[in-house]
Amino acid sequence: MYVNPRLEQRVVQSILWLFTAITVFILFYIIFFILKNGLPVLNYQFLTTNPTDMGKSGGIYSTIIGTIALTIGAILIATPLGVGTAIYLTEYTLESKITRVIRFGSECLAGIPSIIFGLFGFILFVTKLKFGWSILSGSLTLAFMILPTIIRTSEEALKSVPYNLREVSFSLGGTKWQTVTKVVLPSALPGIVTGVILSVGRSISETAAVIFTAGSALRIPTSIFSSSRTMAVHFYILAREGISMPNAYGTAAVLIIAILIINITAYRLMHKFMKKYS
Amino acid sequence: MVTTNRMEVKNLNFYYGQNLALKDINMGIESNKVTAVIGPSGCGKSTFIRILNRMNDIIIGSRVEGAILLDGQDIYAPEVDVVEIRRKIGMVFQKSNPFPKSIFDNIAYGLRINGINNKGEIIDRVETSLKNSALWEEVQDRLDANASELSGGQQQRLCIARALAIEPEVILFDEPCSALDPISTAKIEELINELKEKYTIAIVTHNMQQAARISDYTGFFLLGELIEFDKTEKIFTNPAKKQTEDYITGRFG
């Protein structure tokens, strides 16, 4: 069947435009919907007072603190592990069976549903190691969950540093470690930071892995062994148990604004990084 | 002649896996002279010069046979520290490759990683290296500027300054002018000519006129073999081998 190529081109272009429009519309509608319902309850008081009456009234202060504590914990654990692994894979080994197995393993880790991480963290950290529902258990679980992202983005960042810069360093009598720390890492840093920031976004919004491991206590955590509730978990419980829809939306609005800010920052950094090396 | 050779290559074979890339190379690199290596693309000249400071160590499945002596010591001997060898035998690469750092830090880097931390000494040596690489006049009032702001020719002279700063004994040049315009090339050639007073120099070039202009000795490589090695004058006026003559008269390559 003959179709006029010009007509075909037009039709295809319109369909592709429509697909794009739908995607963007859905994204903006979600943001709009959350903000429309959430912004009315948002005020200084909401951010700075603790929830009272199971969250029916009061603010979300303790859940903000809980979220920050868990995220910082997860980043502190996952960054050295992830960046270290990436440095090992790109700088210290040549492409081989072992590196492929490591890489495959980390990709698989990325594909595991977060609730499985939650269950794993519950069994290992909460019960077996007796950390209980705590910031520590939650951070460790989140750390394993974001590890693949950090490894992958760090690896990409390290690989994008031109090989000849390493060669120069070697030719000047530099050791491998000097070359990595003084030449490669500084150049790769923006890329690595981007990966870490994206992981912050994932940690903040995670629910399933956290509810099993950090618990859902509404108190402000006092140590790494305190149980704590994150904003995402708080939102889930408020909505699931029908405690207070306005407060649930308020929490969601704070969450979505935080994530938007984080992603925009990461995107900006990435952009800057790409410009520097292309 | 043997006594003044700073480096000596003896019965060198180099393998990439099963592939014999360089066959039974023998040549000397004389002190305070410029030794050029010429030949068509793929003849092994870059591979050869990179073997002289062990830059090919990292290639998997590569193997070196024979001996490469620096002041009588085999640089491939097991007890030799490769870092120390590279400090003594500097290298300037084909593509100018300054670090994404300031002009000053580019040169200071080599000093710092080699344990020189005295600020005054670093400042002195940065200045000396820039003067020796004929770049000082052009950059003295903007040492803090990023090296990427320099022109291609200036960047290459910065790379030379960086190599000079750690005071090597030998400097290897791997086609240093292949990406440069004629004026920048002339500057670098002039510089190499001055540098040979203090250093021993080996240079790979695909530009025969360049070899003829700046070198004292020339080796002609073809398909991994050193066809002829002699005084540059002899190679270019009265080559002993037919292949050399064919190459320098432009019959192939």
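The values are calculated or read from the model by the stated rules, or taken from the named source; none is laboratory data. Quantities reported herein were computed from a predicted structural model and do not represent experimental measurements. Neighbour counts run over all protein chains shown; Cβ positions are idealised from the backbone, glycine included. Protein only, heavy atoms only, side chains kept; ligands, DNA and RNA dropped before computing areas. Shrake-Rupley method; radii C 1.70, N 1.55, O 1.52, S 1.80 Å.
The table below gives the values:
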read-out	value
Kyte-Doolittle mean at least 0.0, axial Cα span of 18 Å or more - DSSP H helices of chain B	B:182-195
Efficiency of FRET between A:Tyr92 and B:Glu79 - r from beta-carbon atoms, R0 30 angstrom, step 0.05	0.80
Accessible-area value, B:Arg213, 1.4 Å probe, nucleic acids and ligands omitted, Å²	140 Å²
Computed label-point distance, nm, for sites B:Asn238 and B:Arg112 using a 7 Å Cα→Cβ extension	5.5 nm
Average accessible area per residue (Å²) across the protein assembly as shown - probe 1.4 Å, nucleic acids and ligands excluded	49 Å²
B:Glu167 accessible area, 1.4 Å probe, all protein chains in place, Å² to nearest 10	110 Å²
Proportion of all alpha-carbon pairs of the range A:42-277 beyond 24 Å (%)	51 percent
Potential lengthening between A:Leu119 and A:Asn263 on full extension [0.36 nm per residue; Cα-Cα distance subtracted]	49.0 nm
Lys, Arg +1 and Asp, Glu -1 on Cβ, resulting dipole of the protein assembly as shown about Cα centre, debye, nearest 20	1900 debye
B:Ile123/B:Glu169 FRET efficiency (R0 25 Å; Cβ-Cβ; nearest 0.05)	0.55
Accessible surface ranking that places the most exposed of B:Arg86, A:Arg219, B:Arg6 first, with a 1.4 angstrom probe	A:Arg219, B:Arg6, B:Arg86
FRET efficiency, 1/(1 + (r/R0)^6) with R0 22 Å, evaluated for B:Asn11 and B:Leu223 via beta carbons	0.80
Pairwise label distance in nanometres, A:Ala217 with A:Trp177, each label 7 Å out on the Cα-Cβ vector	4.1 nm
Shape call, the range A:18-156: gyration tensor on alpha carbons, a/c limit 1.5	oblate
Charge-dipole axis of the protein assembly as shown as Lys and Arg at +1 and Asp and Glu at -1 on Cβ define it, positive-most pick from A:Asn43, B:Ile59, B:Asn5	A:Asn43
Beta bridges by DSSP in chain B, antiparallel share as percent, to the nearest 5	60 percent
Spatially close lysines, pair count over the range A:42-277: Cα under 20 Å, gap of eight or more or interchain	7
Within the range A:42-277: Cβ-based charge dipole about Cα centre, in debye rounded to nearest 20 (Lys, Arg +1; Asp, Glu -1)	280 debye
Aspartates and glutamates with Cα under 17 Å of B:Lys187, excluding same-chain neighbours fewer than 8 positions away	B:Glu137, B:Glu138, B:Asp174, B:Glu175, B:Glu197
Shape of the range B:5-94, Cα gyration tensor, a/c cut at 1.5	rounded
Solvent-accessible area, 1.4 Å probe, carbon plus sulfur percent, for the protein assembly as shown	61 percent
Percent antiparallel among DSSP beta bridges (both partners in the protein assembly as shown, rounded to 5)	60 percent
The range A:73-120 versus the range A:133-173: alpha-carbon centroid distance in Å	9 Å
Gained length - A:Leu18 relative to A:Leu39, 0.36 nm times residue gap less alpha-carbon distance	4.5 nm
Estimated inter-spin distance, A:Arg240 and B:Gln18, nm [label 7 Å along Cα→Cβ]	6.2 nm
Cα gyration tensor shape of the range B:60-188, rounded if a/c is under 1.5, else prolate or oblate by comparing a/b with b/c	oblate
Mean Kyte hydropathy of 0.5 or more with a Cα span along the axis of at least 15 Å, helices from DSSP in chain A	A:5-38, A:61-87, A:135-159, A:185-205, A:245-277
